[in-house]
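Notes to accompany the following structure.
We did not get these values from a lab; they are worked out from the coordinates using the rules stated. Quick caveat, the model's predicted, so the values are computed rather than measured. A quick note on method: Cβ atoms are made from the backbone with ideal geometry, for glycine too, and the neighbour counts reach across all protein chains shown.
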Amino acid sequence: MATATKTRKRTAPAPMLAARLNAHVALEAQADGNVVARFNGYGQSLGKFGAATIKRLGELRDGLPLASVRRGRAADKEIDLLLQRLARSGLLEYRLGRTRGGDQVVIEPQVADYWPQIAKIASNDTIALSRFAYLRRRGKEMVLESPRADGLFRIGDPRIAAALTTLSHPQKISRYRKERGFPGLELLGLLMDCQILFKLKPGDADGLRPSEGDPNLALWDFHDLLFHTHSTEGRQANPLGGLYSYSDLMPPLPAVRSPWPGQAIAMEGSPAPADLPPPFTSLLDARHSIRDFDDEHPITLAELAAFLQTAARVRKKWTSRDDTGDGGPEVSYASRPYPSGGAAYELEVYLAVDKCEELARGFYHYDADRHALTPIDVRAQDLEAQLCDAEFAIGASGLPQILIVIAARFGRVSWKYSSVAYSLILKDVGVLTQTLYLAATDLGLGGCAIGTNNIDRFARMTGLDFSIEGPVGQFALGRGRPEPDGAERGSGQAHRSRR
Ligand SMILES: Cc1cc2nc3c(=O)[nH]c(=O)nc-3n(C[C@H](O)[C@H](O)[C@H](O)COP(=O)(O)O)c2cc1C
C-alpha cells in the first residue's frame, strides 16, 4: 500500500529561490515585538520576534532568498521560524529567477505543508512530463499545474514554457541540458518534487501511462483525478464553499423552473392510493437536516449499530465473470441496502466519533461485511480538526456526535469504467447520503449531509494515498436537539469551508 504523505525534510535551498508574502498579505510589527499577518480582514498573530528579525520583514514583500537563511545557524533561528509559520498558514509563495519582464517562475503552494524541495537529477537520468500536468491561462498568467502536485507553477517566461513542452518526449538530461532554453536543474528538481515531471526507471521504454507511478495511478484518467482534487479540500488553494462568486454578475436562477408552454394536466385533488400515507411517504416527509445535537443524551452504540445495519451493511456476496463475455477475470460483489453503479460498492464508511455512549472518542472504519467497527489510530489534532471543520460547515453550535466520512476505493470503479468513473462515484455518494438520511430519520436520530471534505487530512489519518482511497462525502449524525415548540425549520444550510 502506498503511503500518503511525504515527510517534508528541508534540503539546501536553491540559490535563486526566494520566499515572499502572497499579494493580499501584509505583516505588521507591534511595539512588543509581536508580528501579525493581516489578510482578508483577518489578523493572525505569528508570535514575538527580536529587532533583527523585524528589520527583515520588508524583504518578505519582494522575496527573501532562502539561501540567506541557514537552518541551525543561531542568527537565523527566528527568521526561519517566522518563515515556517507563514508557510504553514499558506501565506507564502516562492519565486525562482527574475528577468526584466518580471518573475520567471513563482510557486504557489497547494497543500498546507508545502516547502520547496529540489529533487536530485543526474546527467544520465531520463525525465518526462507527467500525463497529469497541464498548462493553462489564469487571468493574465500562464500556470502549470497537476492534480498530483503540491504546488502550482506560475510561468512568467514563455521560453520556460516552451522548453518544458519538449518533455512530452522523455529526454536524457545530458542531452536536454545542451538545448537552447534549458530551464535549469533547479526548476526541473522543483517540478520533479511536485510530480509534474518524473524519472523513467531503467527498462521503462516510453514514459507513457504504465511507466509513471504505480498500478493504482494507471487506473486514474486525467480529468477524473483533476475533478477529484479540485472539488474537495486539502490539495488545492482555490477558494471553496458557498462564496456567491457570481452574485454581482447575475441574479440567482429561480428555485422552480418556469413552466413549459402547453396544456398542463392537473393532478391536484386526484384520489390518493390509500387514506393514510404509507410509511415510506411519512418517512420522506419527516426527513430533514438536523445540525444541532443533544449532547446530554448522545447517540448510543446500539443505535449506531442499528443505523449502520439499516443503511450500509453487506447483505449478500457473490462472484461472477466480468460482462465482456470473453472469459475475463472473476469479480467479487457485495450488495448493500443502497444501489451502486455497476454494483461496484466502492464506498467505505469511516466514523469520526466525538460522543457516543459506550464507544470511545476516536476514528473507526465500519467493516460492512462483519458489521463491526475497527479503531484506527489517528493524531488527536487531526480528529479534532475533522470534527471542528464539520461543525463549521454546517454552522452548528457544537461538534457533531459522529461524523460519517464516506470514502471511495477509486480503483474499484475505474478498473471497469473509463471517463465516467469519478462522476459515477459522486452519484453513488448521493444515493448513500439519502439512505443515511432516511435511516437516521427512521431511527429517531438526526443528521446532515456535508458538501466539503479534506482529502489531504484523510490521507494523513489513514496512511492511504489520496488517489487510492479518499473521502468523497460526509454526514453529521447524532441525537437531534429537541426543537422548541413552534420553531420554524429554516434552510439553515451553511456549506462553509475554512480557507
Ligand atoms: C450533497 C449535499 C451537501 C450538503 N452540504 C451541506 C453543508 O455542507 N452544510 C450544511 O449545513 N448543509 C448541507 N446540506 C444539507 C442541505 O442544506 C439541506 O438538505 C437543504 O437545506 C434542505 O433542507 P432539509 O434537508 O432539512 O430538507 C447538504 C445536502 C446535500 C444533499
Taking Cα atoms, the helix 301-312 axis meets the longest principal axis of the chain at an angle in degrees (rounded to 10) of 90
Taking a straight Cα-to-Cα line shorter than 18 Å from Lys172, and setting aside same-chain lysines fewer than 8 residues away, one finds Lys120, Lys199, Lys201
For Lys316, the aspartates and glutamates lying under 19 Å Cα to Cα, once residues fewer than eight places off in the same chain are dropped, come out as Glu330, Glu346, Glu348, Asp367, Asp369, Asp428
P(r) of the range 166-234 over all Cα-Cα pairs, 5 Å bins starting at 0, rounded to whole percent, reads 3, 13, 20, 23, 18, 12, 8, 3, 0
Rounded to the nearest 10 degrees, the helix 421-442 long axis (Cα) sits at an angle to the longest Cα principal axis of the chain of 40
Here the FRET efficiency for Arg71 versus Tyr42, based on Cβ atoms and R0 = 22 Å and rounded to 0.05, is 0.15
Taking Cys194, Cys388 and counting other beta carbon atoms within 10 angstrom, the fewest-first order is Cys388, Cys194
So, relative contact order of the range 279-478 in percent, Cα under 8 Å, 6 or more apart, is 26
As straight-line cross-link partners of Lys77, the qualifying lysines (C-alpha separation under 18 Å, not fewer than 8 residues apart within one chain) are Lys9, Lys48, Lys55
Among the range 98-142, those whose backbone N falls under 11 Å of a label point 7 Å along Cα→Cβ from Arg88 are 113
About its Cα centre, the range 118-213 carries a charge dipole, from +1 on Lys and Arg Cβ atoms and -1 on Asp and Glu Cβ atoms, whose size in debye to the nearest 20 is 260
For the chain, averaging the sequence separation of alpha carbon pairs under 8 Å that lie six or more residues apart and dividing by its residue count, the contact order in percent is 14
Rounded to the nearest 10 degrees, the helix 380-393 long axis (Cα) sits at an angle to the longest Cα principal axis of the chain of 60
Counted neighbours (other Cβ, 10 Å), sorted fewest up, put Ile468, Ile404, Ile394, Ile265 in the order Ile265, Ile468, Ile394, Ile404
The longest stretch of the chain containing none of the chymotrypsin sites (Phe, Trp or Tyr not before Pro) that sit in a DSSP loop with at most 10 other Cβ atoms within 10 Å is 247-499
Among trypsin sites (Lys or Arg not before Pro) in the range 133-167, those in a DSSP loop whose Cβ has at most 11 other Cβ atoms within 10 Å are Lys140
Summing -39500 (n - 2.57) over every DSSP H run of at least 4 residues in the chain and dividing by its residue count gives a helix-only mean residue ellipticity at 222 nm, to the nearest 500 deg cm²/dmol, of -7000 deg cm²/dmol
Loop-resident GluC sites (Glu not before Pro) in the range 17-80 with no more than 11 other Cβ atoms inside 10 Å, DSSP not H/G/I/E/B, are none
Candidate cut points under trypsin sites (Lys or Arg not before Pro) in the range 165-268, DSSP loop plus at most 11 other Cβ atoms within 10 Å of their own Cβ, are Lys178, Arg180, Arg257
Once the dipole of the range 318-365 is set up from charges on Cβ (+1 Lys and Arg, -1 Asp and Glu), the residue from the list Leu347, Gly328, Trp318 lying farthest towards its positive end is Leu347
Semi-axes of the chain from the Cα gyration tensor (sqrt of 5 times each eigenvalue, largest first, whole Å) come to 45, 30, 23
Tyr244 and Glu179 label points (each 7 Å along its Cα→Cβ direction) are spaced in nm at 5.0
If every Lys and Arg gets +1 and every Asp and Glu gets -1 at its Cβ, then about the Cα centre the chain yields a dipole, in debye to the nearest 20, of 2560
For Asp377 and Phe222, extending 7 Å from Cα along the Cα-Cβ vector and measuring point to point gives, in nm, a value of 4.2
Dipole check, the chain, charges on Cβ (K,R +1; D,E -1), about Cα centroid: among Gln401, Ile468, Gly63 the Cα furthest to the positive pole belongs to Gly63
Note on the range 118-213: contact order normalised by length, alpha-carbon pairs under 8 Å, 6 or more apart, percent, works out to 40
Least to most buried among Thr166, Thr229, by other C-beta atoms within 10 Å and fewest first, runs Thr166, Thr229
Taking r as the C-beta separation of Glu28 and Ala162 and R0 as 35 Å, the FRET efficiency to the nearest 0.05 is 0.25
